[in-house]
1. Among the numbered criteria (1) surrounded by 18 or more Cβ atoms within 10 Å (Cβ to Cβ); (2) modelled with pLDDT of 95 or more; (3) touching a helix residue (DSSP H, G or I) at 6+ places or on another chain (Cβ under 8 Å), which one does residue 42 miss?
2. Yes or no: the range 87-105 includes at least one residue that is under 16 Å from the mean Cα position of the chain (by Cα), farther than 16 Å from residue 47 by Cα and not assigned by TED's automatic domain parsing to the domain that holds residue 40.
3. Could you grab the pairs with beta carbons closer than 7 Å, sequence gap of 6+ or different chains, first residue in the range 123-136 and over 12 Å from residue 172 (Cβ atoms), second one assigned to a loop (DSSP other than H, G, I, E, B)?
4. Might you check whether a residue that is more than 29 Å from residue 51 (Cα to Cα) and in contact (Cβ under 8 Å) with a residue 24 or more places away in the chain occurs anywhere in the range 154-169?
5. How many residues, within the range 78-90, are surrounded by fewer than 17 Cβ atoms within 10 Å (Cβ to Cβ) and not in a loop (DSSP other than H, G, I, E, B)?
6. Name the residues in the range 54-77 that are outside any helix (DSSP H, G or I) and at negative phi, would you?
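The values are calculated or read from the model by the stated rules, or taken from the named source; none is laboratory data. Nothing here was measured: the structure is a model prediction, and the numbers come from that model. Here the Cβ positions follow ideal geometry from the backbone for every residue, glycine too, while neighbour counts run over all protein chains shown.
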């Protein structure tokens, strides 16, 4: 639970939830909340979609502890974070639903890249360009990002991708074609690849 939500947890009395919701709506409209998040149910478990003024800043996978994701964002971005509505979060959730339903191949979202920089950001930008249903190797991603020898660093960038699914790090494989590791677990990575391969025809 975020710092703001901790303060608003409040007593279990009639009308408190409505008052809490009203406060969060007002806080959002008066720029008192820097990051808004929502939980989103998918075929691969519950995702955490987080947005700030610059766009979607973080997508937490089901395998990640929500508390740890929010604590990390509080340290690195802002502690003014709350579960409340924001248009960019709503749009992201709609596009995620369409992606999982096989109706969307390319996300059209404004992304906030502040959680990554330098070579790591270049690796992720190149990863975002891998077409639906296609794959690339870690070595290829290092080369495309401008440092062919930095394969291990490219792997590290992908392992810490703050925007999985939208930036499709699941499309990057080991040089021998094996799936390799993934923040949501290797079975999820394999399932995502199979889903895209089947639908790409």
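1. Answer for residue 42: the failing condition is (1).
2. no
3. Partner pairs satisfying both residue conditions: 132/105; 132/106.
4. No - not one qualifying residue is present in the range 154-169.
5. Summing the residues that are surrounded by fewer than 17 Cβ atoms within 10 Å (Cβ to Cβ) and not in a loop (DSSP other than H, G, I, E, B) in the range 78-90 gives 2.
6. Within the range 54-77, 54, 56, 57, 58, 59, 60, 61, 62, 63, 64, 65, 77 qualify.
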